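Worksheet: the structure to be examined is printed underneath.
The values are calculated or read from the model by the stated rules, or taken from the named source; none is laboratory data. All values reported here derive from a predicted model rather than from experimental measurement. Positions of Cβ are backbone-derived with ideal geometry, glycine not excepted, and every protein chain shown enters the neighbour counts.
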Amino acid sequence: MVKSFTGVRIVEEKQLPKQSLVKDFMTKQLITFNPDQTIDQVVNILIYKNISGGPVVDSSNNLVGIISEGDCLKQIIKGKYNNHPTLNGLVKDHMIKDVKTLQPNNTILEAAIAFLEQRVRRFPVLNNGKLIGQISQRDVMKAIEELNR
């Protein structure tokens with residue numbers, strides 16, 4: 001009779017892939033606007049900073065809206081009736097006030113689904129009601145590419 005002893009076996013825990021979160025891929029250095037800026041100022045910033053829009057915050061960094069190139073173009077088009085494009089409106093009169101947001105602990109896949117459902121270019125990221133970043137569709141694609149590596 002042969003006895004075999006293999007000793008104590010250590011079972012290694014299988015590690016699940018790390019969840020990629022919005023906070024890991026969002027832009028934290030944001031160009032923001034305030035509600036009392038003129039559309040003319042916004043257009044200049046959008047052009048020279050090469051961005052297509054940005055969050056609008058009050059003095060306490062609370063998100064109050066979002067302004068985009070499209071919002072600015074709407075103001076410009078209003079001037080077509082008198083043959084003189086105008087940029088003298090204020091951000092608070094032209095911004096989107098009902099802004100969809102994401103939380104920093106949303107997963108990248110949740111963000112991708114939100115982009116497909118909401119059909120927007122960017123989501124402000126809020127933590128306890130304060131703006132802490134922004135994530136774009138491109139940020140999500142970069143995250144997915146990194147996960148695939």
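Contact map, segment 63-74: first residue farther than 23 Å from Leu126 by Cβ, second residue surrounded by 18 or more Cβ atoms within 10 Å (Cβ to Cβ) and among the β-branched types (Val, Ile, Thr), Cβ cut-off under 7 Å, separation 6 or more or different chains; pairs are Cys72/Ile39; Cys72/Val42. Of the residues Leu90, Leu16, only one is of a type in the set (A, V, I, L, M, F, W, C) and modelled with pLDDT of 80 or more; which? That would be Leu90, the only listed residue that is of a type in the set (A, V, I, L, M, F, W, C) and modelled with pLDDT of 80 or more. Of all the listed residues (Ser59, Ser52), the sole one being under 27 Å from Glu146 (Cβ atoms), at pLDDT 85 or above and polar (S, T, N, Q) is Ser52.
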